[in-house]
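*Asks:* If you scroll down you'll find the structure; I have some questions about it.
Rule-based calculations on the coordinates, nothing more; no lab input. Just so you know, these numbers come straight off a predicted model, no measurement behind them. Here the Cβ positions follow ideal geometry from the backbone for every residue, glycine too, while neighbour counts run over all protein chains shown.
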Amino acid sequence: MAEWNMPLLSHFVGQRDPGRLLNNQNLSQIICLQLNYSDEYVRVRDLARTLYQMKTLQDLSITLFNCETATQIQLRPPPPHSFSIKSLKLTIAADEALNDDYYGMPSLNSALTYLSPSAVDISLENEDTHIQCLYDCKRQLFPYGSAIRLRISRECDLLEILAELVRRCDIARSVHLDGASGYFDAYSLHMCNWRDFKSLRHLRFQNCRQIFEEDVKAIASNLFLEDEDVGLQSLEFISCKNISEDFLLNLNNDVGGRLKWSF
């Protein structure tokens, strides 16, 4: 297919790598890119080369449904977090039988580590979608930004993920965790280094049916400081059914009104 010449193009929504359709000049002026892959093999190296040519990119959204991704890309990306953008959104879903194909996701994540987004939104849509989809090829947690939202359908230790996230990403100010099957492991609570959370200002848990009142008390007692202008400013629980309003009301009195909740 011949290259398109669109001198005013700034937004691209499609189902394939735009590098196969657009010339370098068109790529360099794209501000918003939305890619929706379904039932296909994603050539991460080719996609990465295309992204690296987008010098004005500000919003990137990639959806993968029933897709395979390359396990190795053999491509050196720009320095980590060297390119600032407004938002990065990744949505990953698959039929149960195909979830093993997402073991190649770390390659895509590694290709995207050059980005420094203000807001990150990553959604693992299926219970069987592996937690490995949150990691890069170095087995390091991938999300990086000042505002991070993770929706995880699979059963997992939310506190372990959160602790690793704030340890890896010291610019994180707001974290939103949505995990119906997420829990707090007792060992993680015991071993957690709460000083790693010093940069965090806002923390929200949503639809977390396996978080209990003793978990909330542990977080609040360790993250809320006596000086209300330092450290965590708000701790929010939305539709977390094992946490009662009476408990939250009483705890809120102890922490100076910094708790928020809705049912």
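*Asks:* Beyond 25 Å between alpha-carbons counts as too far, so tell me which of 86/217; 55/86; 55/89; 217/241; 55/198; 89/241 fall in that bin.
*Replies:* 86/217; 55/198; 89/241
*Asks:* Can you pull the percent of Cα pairs in the chain with separation above 31 Å?
*Replies:* 31 percent
*Asks:* Another question, then. By how many degrees, 0 to 90 and rounded to 10, does the Cα axis of helix 158-168 deviate from the longest principal axis of the chain?
*Replies:* Roughly 60 degrees between the two axes.
*Asks:* While we're looking at this one, here's another question. By how many degrees, between 0 and 90 and to the nearest 10, does the Cα long axis of helix 213-223 differ from the longest principal axis of the chain?
*Replies:* Computed tilt is about 80 degrees.
*Asks:* Tell me, in nm to one decimal, what length is gained between residue 131 and residue 263 on full extension, where the rule is 0.36 nm per residue of separation less the Cα-Cα distance?
*Replies:* 44.8 nm
*Asks:* In nanometres, what is the gap between the two model label sites at residue 84 and residue 195, each 7 Å from Cα along Cα-to-Cβ?
*Replies:* 3.0 nm
*Asks:* Using alpha carbons only, what's the Rg to Rh ratio of segment 155-263 with Rh from Kirkwood?
*Replies:* Using only Cα positions, Rg/Rh for segment 155-263 is 0.92.
*Asks:* Once you have the Cα-Cα distance between residue 173 and residue 138, take 0.36 nm times their residue separation minus that, and quote the gain in nm to one decimal.
*Replies:* 10.2 nm
*Asks:* Excluding same-chain residues fewer than 8 positions from residue 138, which aspartates and glutamates have a Cα within less than 20 Å of its Cα?
*Replies:* Filter leaves 68, 100, 101, 160, 164, 170.
*Asks:* On to the next question. At a Förster radius of 25 Å, what calculated FRET efficiency corresponds to the Cβ-Cβ distance of residue 28 and residue 75, to the nearest 0.05?
*Replies:* Using R0 = 25 Å, I get an efficiency of 0.85.
*Asks:* I've got another one for you. So for segment 88-222, averaging the separation of alpha carbon pairs under 8 Å that are six or more residues apart and normalising by length, what relative contact order in percent results?
*Replies:* Result for segment 88-222 is 20 percent.
*Asks:* Can you grab the distance from the C-alpha centre of segment 17-55 to the C-alpha centre of segment 248-263, Å, no decimals?
*Replies:* So the separation of the two Cα centres works out to 46 Å.
*Asks:* Please identify, among 182, 231, 14, the residue showing maximal mean-square fluctuation in a Gaussian network model of the chain using a 10 angstrom Cα cutoff.
*Replies:* The residue with the greatest mean-square fluctuation here is 14.
*Asks:* What residue among 22, 141, 165 shows peak mean-square fluctuation when the chain is described by a Gaussian network model with Cα springs under 10 Å?
*Replies:* 22
*Asks:* Measure nothing fancy, just the Cα-based angle from helix 245-254's long axis to the longest principal axis of the chain, in degrees from 0 to 90, nearest 10.
*Replies:* Rounded to the nearest ten degrees, it is 80.
*Asks:* Residue 46: net charge of surrounding residues, Cβ under 13 Å, Lys/Arg +1, Asp/Glu -1, itself excluded?
*Replies:* +3
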